[in-house]
Amino acid sequence: MVKRSQNNKTFCAIDIETSGLRLIGGDRVIECAAVKIENSEIISEFSTLINVLCNIHPKAKQVHGITRKMLIEQPYPQEAWMQFLDFIGYSPLIAHNAKFDMGFIRHELLRLKKRLPNKSICTLRLARKRYPNLSTHKLESVARHIFGKIPADCNLHRALGDARLVAHIWMAMEGKR
């Protein structure tokens, strides 16, 4: 097992894709990703689909394009979440709408009798404060406001692409880009 680092200059931008929007209704995380930022630079990435036995709501599938068939050969939750925890260490986690992502992640980890002690930073909350006149503060809208277009390495509505976009947005808002 990899020792979890406590480097306070390391942050991880994260994103998840879910089978639906209802945590209490049994929806699950089917993809997670993290982008490690150290000294204002992206240094490594982690991404995996997760083989959970659940139905994928048609509206969710329409957004991210993930199908049940895509999950079949992927790691089961125990393996996927242990890899995720090893990757992020104790780094603060950055997410757009962190309450949603962190809620789902904590729920998944609770199922495995694990916890997530990491602090979180919400780029949605930061964007609402920094850009109060935007008509919407969705991830894509904030990115277009800051950069003019979506960076080429950011495939929207998939966990790794969105985690990369969160990293870029956070670094730009913090003056690190």
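The values are calculated or read from the model by the stated rules, or taken from the named source; none is laboratory data. Model, not experiment: these values are computed from the prediction. Note: ideal-geometry Cβ built from the backbone for every residue, glycine included; neighbour counts use all protein chains shown. Side chains are part of the model used for accessible areas, which takes the heavy atoms of the whole protein and leaves out ligands, DNA and RNA. Shrake-Rupley method; radii C 1.70, N 1.55, O 1.52, S 1.80 Å.
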> Carbon-plus-sulfur fraction of the accessible area of the chain, 1.4 Å probe, in percent?
Replying inline: 50 percent
> Label points 7 Å out from Cα along the Cβ direction at Leu21 and Ile72: separation in nm?
Replying inline: 3.1 nm
> Quick one: Karplus J couplings for segment 56-64, per residue in order, coefficients 6.51, -1.76, 1.60, θ = phi - 60°, nearest Hz, x for Gly and Pro?
Replying inline: 9, 4, x, 5, 5, 4, 5, 6, 9
> Averaged per residue, what accessible area in Å² does the chain show with a 1.4 Å probe, protein chains only?
Replying inline: 54 Å²
>> Explain nothing, just the number: dipole magnitude of the chain about its Cα centre with +1 on each Lys and Arg Cβ and -1 on each Asp and Glu Cβ, in debye rounded to the nearest 20.
In response: 580 debye
> Which far-off residues, 5 or more places away or on another chain, put their amide H under 5 Å from the one on Ile94, with H placed in the peptide plane?
Replying inline: Cys12, Ala13, Ile14, Ile121
> Cβ under 11 Å from Lys114's Cβ, Lys114 left aside: what net charge do those residues give with Lys, Arg +1 and Asp, Glu -1?
Replying inline: +3
> Taking amide hydrogens as modeled 1.01 Å from N in the peptide plane, which residues meet the under 5 Å criterion relative to Glu31, leaving out close sequence neighbours?
Replying inline: Glu17, Ile50
> Taking every DSSP beta bridge that has both residues in the chain, what percent is antiparallel when rounded to the nearest 5?
Replying inline: 75 percent
> Which value, in debye to the nearest 20, describes the size of the charge dipole of segment 40-113 about its Cα centre when Lys and Arg Cβ atoms bear +1, Asp and Glu Cβ atoms bear -1, and nothing else is charged?
Replying inline: 500 debye
>> Strictly over 32 Å apart at the Cα level, which of Lys69/Lys129; Lys36/Lys114; Lys9/Lys138; Lys113/Lys149 would you flag in this model?
In response: Lys69/Lys129; Lys113/Lys149
> So, counting K/R as plus one and D/E as minus one, what does the shell of residues with Cβ under 10 Å around Thr48 add up to?
Replying inline: -2
